[in-house]
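These notes are about the structure you will find just below.
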Amino acid sequence: MKRKASAVWNGNLKEGKGTISTESGLLSDAQYSFGTRFEEGKGTNPEELIAAAHAGCFSMALSGQLTAAGTPPSKVATSATVTMEKLEAGFTVTSVHLDVVASVPGATQESFDTAAGNAKKGCPISRLLNAEITMTARLES
């Protein structure tokens, strides 16, 4: 399986602007710029897209883990916070924090924690990233 996206950048780093598109068409010429990446400009940026991808991937992975354990969830809600820092080597994504809340009928806290830990390690986006990944996981009753 292969997925495809593209980006076009016009101009220099600080004043230039770009667009990001996905093969599915969900993103079509979504605007990004220096301001949207390093300041508070309107538009998206690569780190925000990584956060969205990680939240989506993790939610699906946790659902799979819980279903395999015999306790399919009714809802998994995940937010991901990507931290980018300027290191000696340059700007680097250094960490991602996953914050998840799930409704899982029949699950114990222990079985939920095990499934969440397995999902955090096993999600393909987690395995892709060379960054520390932390998590807060809360099971709703």
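The values are calculated or read from the model by the stated rules, or taken from the named source; none is laboratory data. It should be emphasised that the depicted structure is a prediction, and the values quoted were computed from it without experimental measurement. For neighbour counting, all protein chains shown are included, and Cβ atoms are generated from backbone atoms with ideal geometry for every residue, glycine included.
Which residue, of SER95, SER79, is touching a helix residue (DSSP H, G or I) at 6+ places or on another chain (Cβ under 7 Å), hydroxyl-bearing (Ser, Thr, Tyr), at pLDDT 95 or above and within 27 Å of LYS2 (Cα to Cα)?
Values: SER95 fails: touching a helix residue (DSSP H, G or I) at 6+ places or on another chain (Cβ under 7 Å).
Matching residue, one of SER95, SER79: SER79.
State the number of residues belonging to the range 76-119 that are charged (D, E, K, R) and crowded, with 21+ Cβ neighbours inside 10 Å.
Just the residues of the range 76-119 that are charged (D, E, K, R), to begin with: 85-86, 88, 99, 110, 113.
Checking which are crowded, with 21+ Cβ neighbours inside 10 Å leaves us with none.
Residues flagged as charged (D, E, K, R) and crowded, with 21+ Cβ neighbours inside 10 Å within the range 76-119 amount to 0.
Mind checking which residues of the range 31-46 are under 25 Å from THR78 (Cβ atoms) and either buried (at least 19 other Cβ atoms within 10 Å of the Cβ) or β-branched (Val, Ile, Thr) (or both)?
Of everything in the range 31-46, those that are under 25 Å from THR78 (Cβ atoms) and either buried (at least 19 other Cβ atoms within 10 Å of the Cβ) or β-branched (Val, Ile, Thr) (or both) turn out to be TYR32, THR36, THR44, ASN45.
Which residues, taken from the range 80-104, are under 17 Å from LYS121 (Cα atoms) and β-branched (Val, Ile, Thr)?
So the first thing to find is which residues in the range 80-104 are under 17 Å from LYS121 (Cα atoms), and the list is 80-82, 94-100.
Across the range 80-104, the qualifying residues are THR81, VAL82, THR94, VAL96, VAL100.
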